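The values are calculated or read from the model by the stated rules, or taken from the named source; none is laboratory data. Here the structure is a predicted model, which means the values were calculated and not measured. Cβ placement follows ideal geometry from the backbone for every residue including glycine, while neighbour counts extend to all protein chains displayed.
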Amino acid sequence: MKTASTILHDGRISFKKSQILAHTIKGKKLAKARTILEDLANQKHALQGKYYPKTAKTFLEMLQSVESNAKVKKLNIEKLWIKKARAEKGLVFMRPRSRFRLRARKAKSTTVEIVVEER
């Protein structure tokens, strides 16, 4: 089967929220996943009683990217299903504070991968 994919390396989004959204959209049609994420971003629909606007907007950008990749590969957009959506922990790096504090703050990142296939 023909596939198209996109990867976000070290995105500044929550790992836990990314896992929840990846589990939600996995196995769905691309159009259905887009409507779910748009409703989350606009706070019209909640998952587990919560809205995830920042993470949902990042996932929407990734879906736009994977759709563009599928168009380049000449796949039928109406027949695209999300085969794989996964979130993994990314790099942990030190973010400096003011000059009076010696310790820095740990900043975490997330790596997200989305793969679609034509069915």
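Observations, loosely collected:
- Criterion (buried (at least 17 other Cβ atoms within 10 Å of the Cβ) and assigned to a loop (DSSP other than H, G, I, E, B)) met by exactly one of Leu40, Leu75: Leu75
- Every residue from the stretch 93-109 that is surrounded by 11 or more Cβ atoms within 10 Å (Cβ to Cβ) and out of contact with any Leu (no Cβ under 6 Å at 6 or more places or on another chain): Phe93, Arg97, Ala104, Ala107, Lys108
- Meets criteria (part of a loop (DSSP other than H, G, I, E, B) and without any contact (Cβ under 8 Å) to a residue 12 or more places away in the chain) for Lys32: no
- Conditions (1) within 18 Å of Lys108 (Cα to Cα); (2) among the basic types (Lys, Arg); (3) in contact (Cβ under 8 Å) with a residue 40 or more places away in the chain; number of the one not met by Lys26: (1)
- Residue match in the stretch 1-18 (condition: within 14 Å of Glu117 (Cβ to Cβ), of a type in the set (D, E, K, R) and either touching a Pro at 6+ places or on another chain (Cβ under 7 Å) or not in a helix (DSSP H, G or I) (or both)): yes
Residue by residue, here is whether (1) surrounded by 15 or more Cβ atoms within 10 Å (Cβ to Cβ); (2) touching a Phe, Trp or Tyr at 6+ places or on another chain (Cβ under 8 Å); (3) modelled with pLDDT under 95 holds:
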{"residue": "Lys2", "(1), (2), (3)": "no, no, yes"}
{"residue": "His9", "(1), (2), (3)": "no, no, no"}
{"residue": "Lys17", "(1), (2), (3)": "yes, yes, no"}
{"residue": "Ile20", "(1), (2), (3)": "yes, yes, no"}
{"residue": "Phe59", "(1), (2), (3)": "yes, no, no"}
{"residue": "Gln64", "(1), (2), (3)": "no, no, no"}
{"residue": "Lys71", "(1), (2), (3)": "no, no, no"}
{"residue": "Trp81", "(1), (2), (3)": "yes, no, no"}
{"residue": "Leu91", "(1), (2), (3)": "no, no, yes"}
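- Being out of contact with any Asp or Glu (no Cβ under 7 Å at 6 or more places or on another chain), free of Cβ contacts under 8 Å to residues at least 60 places away in the same chain and aliphatic (A, V, I, L, M) holds for only one residue in Val66, Val92, Val112, and it is Val92.
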